[in-house]
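Engineer: Can you read through this structure? Questions will come right after.
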Amino acid sequence: MLEINGLNQFYGQSHTLWDVALSVPEGQCTVLMGRNGVGKTTLLQCIMGHQPVKSGTIQLGERDLLKCSVEQRPRVGIGYVPQGRQIFPLLSVEENLQIGLPVLPRGQRRLPEFIFELFPVLAQMMKRRGGDLSGGQQQQLAIGRALVVNPKLLILDEPTEGIQPNVVQEIGDIIRKLNRELGLTVLLVEQKLPFARKVGDRFCILDRGRAVASGEMTQLDEKLVKEYLTV
């Protein structure tokens, strides 16, 4: 579904991503892994158009994403949950969810019921301000907001960061359900190895801006963990 080849990105004179290749097969969950500062979030921002790309290709199916504006990328089927959630704290839960509706055709601009089936707590807190929610509830809101656009591909940047363990398990169950029961393709940035093994079908490891290893999750052995993931 998502194919990235030969991707190079710069911050000023600093070369941050080096000839990165990444394949996210349709219907699977691919986990992007690596230590802090290796370029994982930068790569997601390139996919979403938030960072310029110097060279290379990003394809979503037959569509060249590099020819799409930032505003067009949700319209072609990408839901994005950024690092830190980035909800609007002064807006209500309902208003936060409605932000994605203009992406949809006029006759389809309504909140999908399955979001509230996945996250019942959101249905109970529609009028509560986003900033008054707990960290776990805010993460559920951020995922729900990304699902409003009915994406083909869901991208999540460290959804377990700063979340209490019981909610981490719940978020893992939700990702598995979206991926394995509803068929949604998922690209996930995650540093918690047990969580990555639980939800992921495939992995790709970045190190110093380069993709150094990838494959089926069963191929993520202790040698790779020790060399590229252990702090």
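Engineer: If you filter the range 122-171 for trypsin sites (Lys or Arg not before Pro), then keep DSSP loop positions with at most 11 other Cβ within 10 Å, what is left?
Structural biologist: When the trypsin sites (Lys or Arg not before Pro) of the range 122-171 are filtered for loop state and at most 11 Cβ neighbours within 10 Å, Lys127 remain.
Engineer: Report the extension gain between Val121 and Asn150 in nm, rounded to one decimal, defined as 0.36 nm multiplied by the number of residues separating them, less their alpha carbon distance.
Structural biologist: Taking Val121 through Asn150 to full extension adds about 8.4 nm, to one decimal.
Engineer: Give the peptides 175-188, 100-113 in descending order of average Cβ contacts within 10 Å, highest first.
Structural biologist: Order by mean packing, descending: 175-188, 100-113.
Engineer: Using only the alpha-carbon atoms of the range 2-109, report the extent along each of the three principal axes, biggest first, to the nearest angstrom.
Structural biologist: Over the range 2-109, Cα extents along the principal axes are 41, 32, 28 Å.
Engineer: Now a separate question. Over what distance in Å are the Cα centres of the range 3-68 and the range 71-103 separated?
Structural biologist: Their Cα centres are 21 Å away from one another.
Engineer: Follow-up question, since we're still on this one. Over 27 Å between Cα atoms, which of Lys67/Lys192; Lys54/Lys177; Lys67/Lys127; Lys177/Lys223; Lys198/Lys223; Lys54/Lys192 qualify?
Structural biologist: From Lys67/Lys192; Lys54/Lys177; Lys67/Lys127; Lys177/Lys223; Lys198/Lys223; Lys54/Lys192, over 27 Å: Lys67/Lys192; Lys54/Lys177; Lys67/Lys127; Lys177/Lys223; Lys54/Lys192.
Engineer: Which length gain, in nm to one decimal place, applies between Glu222 and Gln108 when the Cα-Cα distance is subtracted from 0.36 nm times their residue separation?
Structural biologist: Between Glu222 and Gln108, full extension yields an extra 36.3 nm.
Engineer: What aspartates and glutamates sit close enough to Lys40 to cross-link, taking a C-alpha to C-alpha distance under 16 Å and skipping anything fewer than 8 places away on the same chain?
Structural biologist: Straight-line reach from Lys40, under 16 Å: Glu3, Asp19, Asp157, Glu158, Glu161, Glu190, Asp207.
Engineer: Okay, next question. Using 10 Å bins from zero, what percent of all Cα-Cα pairs in the range 123-231 falls into each bin?
Structural biologist: 12, 42, 33, 11, 3
Engineer: Could you derive backbone 3J(HN,Hα) for the range 189-197 from the dihedral phi with the Karplus parameters 6.51, -1.76 and 1.60 (θ = phi - 60°), listing whole Hz in sequence and x where the residue is Gly or Pro?
Structural biologist: 8, 8, 9, 7, 4, x, 5, 4, 5
Engineer: Over all distinct alpha-carbon pairs, what is the Kirkwood Rh of the chain in angstrom?
Structural biologist: About 18.0 Å, per the Kirkwood formula over Cα pairs.
Engineer: Report Rg (one decimal) and Dmax (nearest whole number) for the range 23-75, counting Cα atoms only, units Å.
Structural biologist: For the range 23-75, the Cα radius of gyration and maximum Cα-Cα distance read 11.9, 32 Å.
Where a number appears in this text, it was derived from the coordinates with a stated rule and is not lab data. All values reported here derive from a predicted model rather than from experimental measurement. Note: ideal-geometry Cβ built from the backbone for every residue, glycine included; neighbour counts use all protein chains shown.
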